[in-house]
Amino acid sequence: MRHTRSHTKNRRSHHALKAPAMAVCKNCGASHRPHHMCLECGFYKGRQVIDLVAQKKARAERIKAKKDMMKAQAEQIAPTEAEAASEASVEEAIDEKKS
């Protein structure tokens with residue numbers, strides 16, 4: 001049987017999203033989910049669970065190393081401007097000989 005619009009909306013009245021509850025970190029004052037570690041400082045219940053500073057530093061080093069590697073590979077693959085200019089002059093010389 002068909003449901004009227006009002007009946008459908010009444011049924012869906014409980015589908016609204018609710019804002020998550022937040023707690024305040026005792027170490028740094030940032031907000032985090034209750035019963036979870038603080039994502040800013042890595043503390044839970046007054047003790048350090050994860051050293052986030054070291055993790056962020058290691059991540060930054062990995063990203064920098066990857067960028068350097070990609071840059072080196074790009075330089076090896078792509079011809080330099082001088083090589084491209086010399087190739088163009090060789091092609092022009094070939095075209096002139098054909099003419």
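The values are calculated or read from the model by the stated rules, or taken from the named source; none is laboratory data. Predicted, not measured: the structure shown is a model, and the values here were computed from it. Cβ atoms come from the backbone with ideal geometry, glycine included; neighbour counts cover every protein chain shown.
Suppose we keep only residues that are loosely packed, with under 14 Cβ neighbours inside 10 Å and over 22 Å from the mean Cα position of the chain (by Cα) within the range 34-47. Which one would you say is modelled with the lowest pLDDT? Step by step, filter the range 34-47, then rank; the result is Gly46. The C-beta contact set for the range 35-51 (first residue without any contact (Cβ under 8 Å) to a residue 40 or more places away in the chain, second residue part of a loop (DSSP other than H, G, I, E, B) and buried (at least 17 other Cβ atoms within 10 Å of the Cβ), distance under 6 angstrom, 6+ apart or interchain) comprises Cys38/Cys25; Tyr44/Met37; Gln48/Gly42; Val49/Met37; Val49/Gly42; Ile50/Gly42.
Quick check, is Ala19 within 26 Å of the chain's Cα centre (by Cα) and assigned to a loop (DSSP other than H, G, I, E, B)? It would help to see each step written out before you state the result.
On the way: within 26 Å of the chain's Cα centre (by Cα): yes; assigned to a loop (DSSP other than H, G, I, E, B): yes.
Yes: the conditions hold for Ala19.
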